Amino acid sequence: KKSSLSEVKIAVIGAPSVGKSALSVRFLTKRYIGEYDHQSETRYKHEVLVDNEPVLYEILDTCPKNEDDYPSADTLNWADGILLVYSITDRRSFAYVKKVSASLTDSDVPIYLVANKNDMVHLRQVSAEEGTILAGEMDCGFSEVAAAEQVAPIASVFQDLCRAVLAARRK
Ligand code: GDP
Ligand code: MG
């Protein structure tokens, strides 16, 4: 069955203020706006070509109320793929994604770990090596990006996660 459009549901998960909305909006619109008035969970639908095939992305930009507000089982089960986001300038945000990753050990949903705010190296609290190690433990992709900078590396993150979702579906 050829012509059916693949739908890929991505949950964007991470502590408050790491740049979940900035990354989602940057991927979807190519724009960096700087301030996001998102006080609640936002859902976007957008068609994007992945390896020349149209994919309908549904992106759930989650909105935890505080550092101890973890995603619900419903949210994690809803997702075909999970984008775990922390900020290199915020050690607590790294602890947040570690905690979420621990709750995903029995799940086989594809994950991608992304470290945001790579433009703020002077305020770095989490080394790239720590990110690499955590991604190794989760057996998932990892990269450091900045929503504030080039869009191409951000698009690659979403596209890589999407490819992993499509590959898992084919099995
Ligand atoms: P969210 O709570 O995870 O959705 O975070 P937001 O997307 O609302 O971003 C929180 C703050 O971090 C905002 O002030 C953004 O402008 C800022 N921010 C997001 N991404 C970057 C980035 O790559 N670099 C810098 N310097 N600031 C960023
Ligand atoms: Mg947000």
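The values are calculated or read from the model by the stated rules, or taken from the named source; none is laboratory data. What you are looking at is a predicted structure, and each value in this text was computed from that prediction instead of being measured. Every residue, glycine among them, receives a Cβ derived from its backbone with ideal geometry; neighbour counts consider all protein chains shown.
How many residues are modelled with pLDDT under 95 and of a type in the set (Asp, Glu) when one looks only at region 140-162? Going through region 140-162 one residue at a time, the tally reaches 1. Within region 51-62, the set of residues being surrounded by 16 or more Cβ atoms within 10 Å (Cβ to Cβ) and not acidic (Asp, Glu) comprises Val55, Tyr57, Ile59, Leu60, Thr62.
In this structure, does Glu67 turn out to be in contact (Cβ under 8 Å) with a residue 24 or more places away in the chain and either out of contact with any helix residue (DSSP H, G or I) (no Cβ under 8 Å at 6 or more places or on another chain) or of a type in the set (Ser, Thr, Tyr) (or both)? Here the answer is no, as Glu67 does not meet what is asked.
Residues that are under 14 Å from Tyr86 (Cα atoms) and within 14 Å of ligand 1 (Cβ to nearest atom) within region 127-150 comprise Ser143, Glu144, Val145, Ala146, Ala147, listed in sequence order.
Any residue at all in region 122-135 that's under 22 Å from Ile33 (Cβ atoms) and either surrounded by 14 or more Cβ atoms within 10 Å (Cβ to Cβ) or of a type in the set (A, V, I, L, M) (or both)? Yes, because at least one residue in region 122-135 is under 22 Å from Ile33 (Cβ atoms) and either surrounded by 14 or more Cβ atoms within 10 Å (Cβ to Cβ) or of a type in the set (A, V, I, L, M) (or both). The set of residues in region 3-45 that are in a loop (DSSP other than H, G, I, E, B), of a type in the set (D, E, K, R) and modelled with pLDDT of 75 or more contains only Glu41. Does region 14-66 hold any residues that are of a type in the set (D, E, K, R) and farther than 21 Å from Ala146 by Cα, and which are they? Across region 14-66, the qualifying residues are Glu41, Arg43, Lys45, Glu47, Asp51, Glu53, Glu58, Lys65. Any residue that is within 16 Å of ligand 1 (Cβ to nearest atom), polar (S, T, N, Q) and over 22 Å from Asp108 (Cα atoms) - is there at least one of those in region 43-65? The answer is no, given that none of the residues of region 43-65 is within 16 Å of ligand 1 (Cβ to nearest atom), polar (S, T, N, Q) and over 22 Å from Asp108 (Cα atoms).
Within region 112-133, the set of residues being over 15 Å from the mean Cα position of the chain (by Cα) and either more than 23 Å from Pro16 (Cβ to Cβ) or not in a loop (DSSP other than H, G, I, E, B) (or both) comprises Val121, His122, Leu123, Ala128, Glu129, Glu130, Thr132, Ile133.
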